[in-house]
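These notes are about the structure you will find just below.
Read-outs throughout are calculated quantities, based only on the coordinates presented, and are distinct from any laboratory measurement. Note that the coordinates shown come from a computational prediction; the quantities given were computed from them, not determined experimentally. Cβ: placed from backbone, ideal geometry, glycine included. Neighbour counts: every protein chain shown.
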Amino acid sequence: MPDRHVISGDRQPEDLQFEAGLRPRRLAEFTGQSKLKQNLSIAIEAARMRGEAMDHVLLYGPPGLGKTTLASIIAEELAVAFSATSGPVLQKKLDLTGILSNIRARQVFFIDEIHRLLPDVEEMLYSALEDFRVDILVGAGPGARTHSLPLPKFTGIGATTRQGLVSAPLRGRFGLVLRLDPYAVDELQSIVDRSARLLNAEIDDAAAEEIARRCRGTPRIANRLLRRVRDYAQVRADGRITQSVAQTALNLLDVDRFGLDEIDQKIMLTILEKYRGGPVGLNTVAASISEEPDTIEEVYEPYLIQLGFLNRTPRGREATALAFEHFKVKPKIGNGGQPPLF
Ligand code: ADP
């Protein structure tokens with residue numbers, strides 16, 4: 001089993017230093033997500049033409065797919081200031097008031113992990129996003145009054161890995177709600193190429209493809225694997241990242257052919273072995289592996305579906321013939337020992 005950090009989409013401390021330098025700054029440099037980019041570029045263009053703040057945007061999708069990057073790209077494209085915070089950091093209404101009272105006209109205000117806002121802070125954000133004002137309490141005791149503070153029009157961008165946990169009223173405040181999907185191998189390959197260029201690392205096409213295939217469809221993991229492979233190439237080879245160097249280094253890290261992590265494997269093996277390929281309800285799978293259904297649905301399944309291992313059907317989750325083959329599980333008996341047809 002690979003070290004969980006290596007193939008986790010979540011940001012790790014080691015990523016911080018590198019990510020800053022690898023982050024695309026303009027929409028044209030941002031690979032993939034073509035439908036989302038089209039929608040965004042129309043909204044950006046329209047806001048620029050009108051000279052107004054752009055609509056609020058909610059970005060959702062598994063970690064490491066580029067939500068934070070897109071938020072800063074939007075600010076760059078609009079040529080406005082960018083400030084960022086996150087749900088867990090905003091502990092009190094006062095924290096939010098402090099930020100909002102410094103907000104500049106048309107700027108981008110980014111809130112990562114927006115599903116983790118506390119209820120009273122979230123409520124304050126409603127009026128900020130909808131009416132561009134916040135109510136603040138002035139004074140204390142019986143003499144205290146609420147003062148309504150007007151704000152300049154700004155663009156709020158929320159990001160979440162857990163769309164299902166964003167309340168309906170909060171979601172309703174965002175004019176654009178955009179989903180990021182795992183990336184295709186060719187897109188990841190060009191992300192690896194670009195990062196290698198920025199890191200001054202020499203890499204073959206086949207090696208870039210090898211990394212692209214094993215990164216769970218996630219640019220953050222691709223960049224992380226590239227760094228590990230580059231270290232290996234430097235220490236154990238002549239510095240050049242060839243396919244065989246990439247393969248050896250990735251095998252040493254226990255990153256398998258599809259970059260599956262422990263939870264991916266647990267989900268698949270539960271469906272394949274315990275429920276004989278399904279269909280099985282999401283909640284049942286979740287209970288079997290002690291994970292939350294939302295996390296499985298929003299963080300893990302998109303990649304398993306993209307790989308062609310899993311289907312969502314009205315009767316529940318079903319493993320595909322390809323999954324039986326990859327996990328070397330014998331398909332259900334009763335159909336001549338053949339993998340079930342889906
Ligand atoms: P998220 O906020 O969704 O967790 P980030 O925006 O922090 O993800 O992206 C993680 C890293 O992956 C960034 O440093 C960036 O370099 C890289 N990245 C993400 N999406 C892309 C993309 N489409 N093209 C190039 N690099 C990307």
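Here are the numbers:
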item	result
Environment charge of Ile73, counting only residues whose C-beta is closer than 11 Å and scoring Lys/Arg +1, Asp/Glu -1	+2
Per residue Cα convex hull volume in Å³ - calculated over segment 262-337	83 Å³
Over the chain, equivalent-ellipsoid semi-axes from the Cα gyration tensor in Å	40, 27, 17
Euclidean distance between Cα centres, segment 27-75 to segment 120-155, Å	28 Å
Charge dipole magnitude, Cβ of K and R +1, D and E -1 - the chain, Cα centre, debye nearest 20	300 debye
In nm, spacing of pseudo-spin labels at Ala20 and Arg50 (7 Å Cα→C-beta vector)	3.6 nm
For peptides 266-274, 147-155, sequence by mean Cβ density within 10 Å, most packed first	266-274, 147-155
Gyration tensor verdict on segment 3-125 (Cα atoms; rounded if a/c is under 1.5, prolate if a/b is larger than b/c, oblate otherwise)	oblate
Prolate/oblate/rounded label for segment 66-195 (Cα gyration tensor, a/c 1.5)	prolate
DSSP bridge orientation in the chain - percent antiparallel, rounded to nearest 5	40 percent
Burial ranking of peptide ranges 190-201, 34-45 (average Cβ count within 10 Å, highest at the top)	190-201, 34-45
Among 233-241, 62-70, the order from most to least packed when residues are scored by Cβ within 10 Å on average	62-70, 233-241
Hull volume in cubic angstrom per residue (convex hull over the Cα atoms of segment 185-252)	65 Å³
Neighbourhood charge, 13 Å Cβ-Cβ cut-off, centred on Leu118 and excluding it, Lys, Arg +1 and Asp, Glu -1	-2
